[in-house]
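Here the structure comes first, spelled out in structure tokens, and everything after it is commentary.
The values are calculated or read from the model by the stated rules, or taken from the named source; none is laboratory data. In this text the structure is predicted, and so the values were computed from the model without any measurement. With ideal geometry, Cβ positions are generated from the backbone for all residues, glycine too; neighbour counts draw on all protein chains shown.
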Amino acid sequence: MTDNTPMGDLSDAAGTAPHESGDDTGLVVGVDIGGSKIALMATDISSGQDLGHDRFPTPAEAGPDALIADLVSAIRGIVESTGRSASDLRAVGLAVPGQVVFDAGRVITAGNLAGWRDVPLRDILCRELDVPAFVEQDANAAALGERWRGGAKEMNNFVFLALGTGAGAGIVVNGRLHRGYHNAAGEVGTFLMGRSYLGKDRGGHGNLETLIGGRTVRRVAKRLTGDDLGTGDALARGETDRRLTPLSARVADYVAMAIVAIATVLDPEAIVFGGGTAAAGDWFMEQVRERVRRELDPSPVMMPSVLGEDAQLHGAVFGALWELDPELALREELR
């Protein structure tokens, strides 16, 4: 694969030996492990057709052993639901919240998942399923998905800004994913948003995450209205519900500040928004754009993800194809 794609750096970091080139039978399964849900998608290797989807609540407090056991069962289940046999599974790809050592497929930490510390996730899945496995940080996977099947197909410099339960970014520079020396590039949830926040105990959560994360937005919206609102709905209703307007404005302020910081360092062509906050709609997005434009000239294009909440899932499928055979992944990229 040429170096002008964000997938070009994976060739030197394959987690397991790829199958022989030309192995285009069977299917791959992509998995997105989120803070509240786990989503799966099975894709036929030969046709590129998505054969089936599944999702279930994330057992976030169960610990890694129980969660992985559920995951293995769900992967086998979605293969069965397509009418294929277990032997037709060729590879799996996973998008994981938190910090991942990509070369080793090891999860250092996993956001809001209890007990996830230094978990050799790739090795466990390879052993349990007897297929190659690709493990990537979720915002990086979302950037891969958006570059493959979404709105960033023609972009070599962009940032996927995932604003959901937490906050993270998948960074593509000159057509390549940038993971950083400690595999921690893009952990924008730890941005400090003011001098008064320095040195404060936040229970292991980043400052930006505590200010605009989905749990915070939903909690404040509940207090203000008495309604159980999703993050996107709460922010969108700020346009017409005066009780929520200050909340929407405050979140827009912090998102804009984060974008200014990102863009000042990286100067990307675009910021692609994903996650619950990105689902707030045009009115909220325009509040963010206006704030950024007042600070930056030129400013990046600011656009919602074409793939929406499935961006990570598509990136995981692409990673599974790459792990199986980079030539298959390249074929899919150009399909």
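With (1) on the phi < 0 side of the Ramachandran plot; (2) surrounded by 15 or more Cβ atoms within 10 Å (Cβ to Cβ); (3) not polar (S, T, N, Q) as the list, and Gly275 as the residue in question, which single condition is left unmet?
(1)
Out of everything in region 220-272 that is under 19 Å from Gly189 (Cα atoms) and of a type in the set (Ser, Thr, Tyr), what residue ends up being surrounded by the fewest Cβ atoms within 10 Å (Cβ to Cβ)?
Here the residue is Thr264.
Between Val159, Val217, Val188, which is buried (at least 23 other Cβ atoms within 10 Å of the Cβ), in contact with a Ser or Thr (Cβ under 6 Å, 6 or more places away or on another chain) and within 20 Å of Pro97 (Cα to Cα)?
Val217
Looking only at residues that are of a type in the set (Asp, Glu) and in a helix (DSSP H, G or I) in region 238-281, which one is farthest from Met155 (Cα to Cα)?
Glu239
So, in region 238-292, exactly how many residues are of a type in the set (Ser, Thr, Tyr), under 18 Å from Leu307 (Cβ atoms) and modelled with pLDDT of 95 or more?
Number satisfying all stated conditions: 0.
Given the residues Gly308, Gly274, Gly281, Gly315, which is the only one that is over 18 Å from Gly232 (Cα atoms) and either touching a strand residue (DSSP E or B) at 6+ places or on another chain (Cβ under 9 Å) or touching a residue at least 60 places away in the same chain (Cβ under 8 Å) (or both)?
Selected residue: Gly315, the only one of Gly308, Gly274, Gly281, Gly315 that is over 18 Å from Gly232 (Cα atoms) and either touching a strand residue (DSSP E or B) at 6+ places or on another chain (Cβ under 9 Å) or touching a residue at least 60 places away in the same chain (Cβ under 8 Å) (or both).
Among the numbered criteria (1) without any contact (Cβ under 8 Å) to a residue 40 or more places away in the chain; (2) farther than 15 Å from Ala162 by Cα; (3) not polar (S, T, N, Q), which single criterion is violated by Ala256?
With respect to (1) without any contact (Cβ under 8 Å) to a residue 40 or more places away in the chain; (2) farther than 15 Å from Ala162 by Cα; (3) not polar (S, T, N, Q), Ala256 is out only on (2).
When you scan region 103-129, how many residues do you find that are touching a Phe, Trp or Tyr at 6+ places or on another chain (Cβ under 9 Å), within 15 Å of Glu323 (Cβ to Cβ) and surrounded by fewer than 24 Cβ atoms within 10 Å (Cβ to Cβ)?
0
Could you give every pair whose Cβ atoms fall below 6 Å, whose first residue belongs to region 48-62 and is in the same structural domain as Leu321 (by TED's automatic domain parsing) and within 12 Å of Asp32 (Cβ to Cβ), and whose second residue is of a type in the set (Gly, Ala, Ser) and at pLDDT 90 or above, counting only separations of at least 6 or pairs across chains?
Partner pairs satisfying both residue conditions: Arg55/Ala39.
For every residue, the table says whether it meets (1) among the charged types (D, E, K, R); (2) closer than 26 Å to Ile271 by Cβ; (3) within 21 Å of the chain's Cα centre (by Cα).
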| position | (1), (2), (3) |
| --- | --- |
| Glu61 | yes, no, yes |
| Ser73 | no, no, no |
| Asp88 | yes, no, no |
| Arg106 | yes, no, yes |
| Phe134 | no, yes, yes |
| Ala139 | no, yes, yes |
| Leu144 | no, yes, yes |
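Does region 319-335 include one or more residues that are more than 23 Å from Leu51 (Cβ to Cβ), assigned to a loop (DSSP other than H, G, I, E, B), in contact (Cβ under 8 Å) with a residue 24 or more places away in the chain and not polar (S, T, N, Q)?
Looking for residues that are more than 23 Å from Leu51 (Cβ to Cβ), assigned to a loop (DSSP other than H, G, I, E, B), in contact (Cβ under 8 Å) with a residue 24 or more places away in the chain and not polar (S, T, N, Q), one finds none in region 319-335, hence no.
Within region 283-304, is there a residue that is in contact with a His (Cβ under 9 Å, 6 or more places away or on another chain), among the aliphatic types (A, V, I, L, M), in a helix (DSSP H, G or I) and buried (at least 16 other Cβ atoms within 10 Å of the Cβ)?
no
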